[in-house]
Each structure stands twice: as C-alpha cells, then as structure tokens.
Amino acid sequence: MTEIASEHRVSAWDGGESPYAASSKKLGMWLFLMSDTLTFTAFLIAYSYLRVANSVDWPRPFGEFSIVMASVMTFCLLSSSLTMVMAVAAAKRQQIKKTVIWLLGTIAGGVVFMILHANEWIELIHEGITPASSLFGASFFTLTGLHMTHVTGGVIYLAIVAYGFAKGKFEAEDVEVSGLYWHFVDLVWMFIFPMVYLLSNQL
Amino acid sequence: MSSDHGNYNRLVLLVWFSLLILTIVEVVLAYQTLSTAMMLAILLILSFGKAGLIIAYFMHLRYERSSLVLTIVPVVAFCIAMMFIMFPDSLRILNQ
C-alpha cells in the first residue's frame, strides 16, 4: 500500500498512475488466469458437448470408489488452498519459516492429488479407456490432462517460490501471485469434479 | 494487518468450511434420483457459488480496487457466455 501511495507523486506521464492499485506481477497473473479460464471453459464445453451428443453409449466408468477417491482429491485441493492462504498471510508478515512450512503443506496437498489422479488414470487405462479409445477417453484425458499439467506446474512453481522466499530472493508479493495461480487450479477442479465425475451416473 | 489477523484467519477457515460443505452436498446430490437437467442446474449453481467464494476470498478479489474487478469479471463472463452459442447443436445430434 505504501508503494502505491508514494507512486502518486510521480507524474502520470512517467507511469505514476496505478489505476488498478495492483502491481504489474499481480495484474499479469490475473491476465494469464483470464486466458486460462477460457482454455479450460473450452475443454469443459467440448467434453459436455460430446457427452450430450453421444449420451446413449457414453462410458460411465466412475463407480462409488472413484467418486470417493475424487472427493478425497477435492478435499486435498481445497485444503491446499487453505494452507496457501495461510502462506500468503505469513509472507505478508515476513515470517519466513512459517511461510515455507505452509507452502510445503500446499505442495503436499498438490502431490497427494497428483498421485491419486495418476492412479485413477492407470486404472482407467487398464480398463481399456485410453485417450485414443473413444470420444470419452479423448475428451476426458484432454480435460483432466490439462488440469494435471497445471497442478504439476503449480507444485514446481510453489517449490521454487518457497526456496526463493527462504533465500530472500523473492518478496511476499511473489508468494501472493503464486497463490493466485494455485487457487485457480483449485477453482477449475471445482467444475471438473461435478461435471465429469458426479454427472457420470446420469442420463 | 496484524490487528485483524485473527479475524481474517477465522473468515478464511469459514470459507474453507463452507466449500467443504458445498462439496459434500454435491456428492450426496449425485446419488439422488433427479432429472438430469435439474441435477445439472443445481450442480452448476453450487459450483459457481464455490468459484465465487474462492475468487472473492482466497484470491482476494473482494478486497481489490473495483476497477480491477470490473476489468476481469465481466469480460471473462461475456466470453464464457459466448462459448455456449454452439452448445444447443449437441442436442440436435442427439435427437437426429
């Protein structure tokens, strides 16, 4: 906040105005998340479109066990979002050790999610559902694969931020920006989970 | 920041807890016998509610300046709405 107040002394012609009262890093992350939202929406709509158009012989491989596992995965992501909020709050108070511990908790949540999800993929592939087997396989693996890529990237990103913050290379703001990304990954799963898993029994 | 630190933690915990409850409601709902359209509508409403909670509190957008909110939210909402233009076509294929 103090940064922004002092910036107002600079003339608008020298970049002294800050209409969003947000730093360029944060604004950049928001712009990236906007475009990423549209990518995920396109994949979700593609999945739903194919599902509606082919609903007669659409595979429904998600039994009760899969739903329980998917719920556990949802819980992991939700809780990792909570620890991420704690990490951002600790980083703002410059508590380096606490920040790193909360970030490691977030990473742990992400890794558990990845393991459970990979396990589920392997089971599906053993059942003969592969990206090349059917429309379901293609759209399901594209959608969840893109999400898994984001989780994997997010875990690496958070690890780098945790390391850099502990070394003093990164500021509290960098932790906050990485938090925005992580919450977005969580948010996307909040749509994939009901649309792909919970609606599997229907129609 | 330090004075309302405890309050903020409580708020965040409350948001996390409501997200969990909404998820449990969704899972329970998936095993009820409802028409698909009804189920889809309820699940979508709950999901958008969850997304709103995450964006507003976890991603902190509620506390940003409104110019930032107005730059991000309407554009994304409009683009997503536009993407649905071709969706009814899937029903045509289904009923062919």
Residues being closer than 18 Å to B:HIS60 by Cβ and without any contact (Cβ under 8 Å) to a residue 24 or more places away in the chain: count how many of those fall in region B:7-23. 7
Return only the number of the condition from (1) within 9 Å of another protein chain (Cβ to nearest Cβ); (2) surrounded by 16 or more Cβ atoms within 10 Å (Cβ to Cβ) that B:SER67 does not satisfy. (2)
Please work out which one of (1) more than 10 Å from every other protein chain (Cβ to nearest Cβ); (2) under 22 Å from B:LEU19 (Cβ atoms) is the condition A:ALA70 fails and give its number. (1)
Scan of region A:139-171 for residues that are within 23 Å of A:ASN54 (Cα to Cα), among the hydrophobic types (A, V, I, L, M, F, W, C) and in contact (Cβ under 8 Å) with a residue 24 or more places away in the chain, ordered by number: A:PHE140, A:LEU143, A:LEU146
Test each condition in (1) under 14 Å from the mean Cα position of the chain (by Cα); (2) at pLDDT below 95; (3) of a type in the set (Val, Ile, Thr) for A:ILE67 and report the one that comes out false. (1)
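This table checks each residue for (1) under 16 Å from the mean Cα position of the chain (by Cα); (2) closer than 18 Å to A:LEU77 by Cβ.
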residue: A:GLY109; (1), (2): yes, yes
residue: A:TRP121; (1), (2): no, yes
residue: A:ALA132; (1), (2): no, no
residue: A:HIS147; (1), (2): yes, yes
residue: A:TRP189; (1), (2): yes, yes
Could you list all residues from region B:55-64 that are facing another protein chain (nearest Cβ under 10 Å) and among the hydroxyl-bearing types (Ser, Thr, Tyr)? B:TYR57
Here is a list: A:VAL177, A:VAL188. Which entry is more than 10 Å from chain B (Cβ to nearest Cβ) and among the hydrophobic types (A, V, I, L, M, F, W, C)? A:VAL177
Search result, residues across region B:70-93 that are within 8 Å of chain A (Cβ to nearest Cβ), over 19 Å from the mean Cα position of the chain (by Cα) and surrounded by fewer than 16 Cβ atoms within 10 Å (Cβ to Cβ): B:MET86, B:PHE87, B:ASP89, B:LEU91, B:ILE93
Among A:LEU78, A:LEU82, A:LEU50, A:LEU27, which is more than 22 Å from the chain's Cα centre (by Cα), at the interface with chain B (Cβ under 8 Å from one of its Cβ atoms) and assigned to a helix (DSSP H, G or I)? A:LEU50
Just checking, does region A:55-63 include any residue being outside any helix (DSSP H, G or I), buried (at least 17 other Cβ atoms within 10 Å of the Cβ) and at negative phi? yes
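The values are calculated or read from the model by the stated rules, or taken from the named source; none is laboratory data. On a predicted model such as this, the values are computed, not experimentally measured, just so you know. Ideal geometry is used to build each Cβ from the backbone, glycine not excepted, and the neighbour counts take in all protein chains shown.
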